[in-house]
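The values are calculated or read from the model by the stated rules, or taken from the named source; none is laboratory data. Since we're looking at a predicted model, the values are computed, not measured. Backbone-built Cβ (ideal geometry, glycine too); neighbour counts: all protein chains shown. When the accessible area is computed, the model is the full protein with side chains, heavy atoms only, and any ligands, DNA or RNA have been set aside. Shrake-Rupley method; radii C 1.70, N 1.55, O 1.52, S 1.80 Å.
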Amino acid sequence: MTVKLFADSASDMPLSFFEENQVALIPLRVYIDGTEYEDLKTIDPTQVFQEIKAGKMPKTSQPTPEDFHKLFTELAKSNESGIYIAFSSALSGTYQTAVMVQEQVKEEYPELDLTIIDTKCASVGFGLVVKAAADLVKSGASKEEIIEDIQFRSQHMEHLFTVDDLDFLAKGGRLSKASAFLGGLLNIKPLLHVEDGKLIPIEKHRGKKKLLKRMLDVMEERGVDLENQLIGISHGDDEQSALELKSLIQERFGTKDFYINIIGAAVGSHARPGTLALFFLNAKK
């Protein structure tokens, strides 16, 4: 039986990925000057970063219950089996809303075959989980095999990243344990990671060069089989820094495969321009 995949736009994969892999896209919402946009569908990430640089303050919201209800009802009517791969529940109410709507749809369609998984991941780290699942669907894997892979990658996906403006993340309610890191001296760059789905600052470093070196040190401490992994990098409209990080990783670990993409409109509204993020697995399946 064919397995239908669903994923939301916080996975920061391009629209072409969803179309080519037949993954149903559930867009988060972005609001600029009162106008509502659907992430990936009606707004481009570069537009969001340009608006932020111009002094605008985008806001975001999770997909609507109606979005989920329509897709889940279609799944039930098709008699297909489905998996919704969801953005971290610690960063958005998207997962909780999906679970609520699933129960509503089941009241009318008790045969609904849908598994919802909270990845506790974000951005391209989340995207790599979705990509691996899509590859398994193409290979004809069973639903149980796909779920097992999603759960493994979700549990073992490391997120390391830096932002130019911690205050903005904190004000948006997306940052945990932030008090000791807010403010600071010129050219101090924070290093953050994700712990149980939450964004947590772990270190400060003066200057970009030292920060990138430290990111690689942590990658070496936590990662496994880095030469043969698909490594993810996402950036806040700063492709040059992403390529610089890629080059450093290649030089140090001999890594061959990378997936690099700009941070999407919804995540980028909180992460801001200048964000640089690195994703890899800390265990080998």
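Tabulated data
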{"item": "Accessible-area ranking of L192, L248, largest first, probe 1.4 Å", "result": "L248, L192"}
{"item": "Fraction of antiparallel bridges per DSSP, segment 182-268 only, in percent to nearest 5", "result": "55 percent"}
{"item": "Nonlocal amide H pairs with L191, under 5 Å, H built at 1.01 Å", "result": "I202, E203, K204, H205"}
{"item": "Rounded tilt (10° steps) of 65-78 against the dominant C-alpha axis of the chain", "result": "50 degrees"}
{"item": "Computed FRET value (nearest 0.05) for E220 with Q50, which takes r as the C-beta separation and R₀ as 35 Å", "result": "0.45"}
{"item": "Rounded tilt (10° steps) of 94-108 against the dominant C-alpha axis of the chain", "result": "0 degrees"}
{"item": "Sequence-distant lysines (8 or more away, or on other chains) whose Cα lies within less than 29 Å of K138", "result": "K4, K41, K70, K77, K106, K120, K246, K256, K284, K285"}
{"item": "Expected 222 nm ellipticity per residue - DSSP helices of 4 or more, -39500 (n - 2.57), all of the chain, to 500", "result": "-13000 deg cm²/dmol"}
{"item": "Accessible area of the chain divided out per residue, in Å², using a probe of 1.4 angstrom", "result": "45 Å²"}
{"item": "When segment 110-160 is reduced to its Cα atoms, the Kirkwood hydrodynamic radius in Å", "result": "11.5 Å"}
{"item": "T42 versus K59: modelled label distance in nm, points set 7 Å from Cα along the beta carbon direction", "result": "1.6 nm"}
{"item": "Eligible aspartates and glutamates near K143 by straight Cα distance, threshold 17 Å, same-chain separation 8 or greater", "result": "E80, E111, D113, D118, D135"}
{"item": "Inter-label distance for E145 and K213, nm, one decimal - labels placed 7 Å from Cα along Cα-to-Cβ", "result": "4.5 nm"}
{"item": "Local electrostatic count, L216, Cβ distance below 12 Å [Lys/Arg +1, Asp/Glu -1]", "result": "+2"}
{"item": "Beta bridges per DSSP with both ends in segment 7-91, % antiparallel, nearest 5", "result": "65 percent"}
{"item": "Solvent-accessible area, 1.4 Å probe, carbon plus sulfur percent, for the chain", "result": "48 percent"}
{"item": "Proximal charge balance of S81 [Cβ under 14 Å; K/R count +1, D/E count -1]", "result": "-3"}
{"item": "Cα gyration tensor, segment 14-95 - rounded (a/c under 1.5), prolate or oblate", "result": "prolate"}
{"item": "Positive minus negative residues near L136 (Lys, Arg vs Asp, Glu; Cβ under 15 Å)", "result": "+1"}
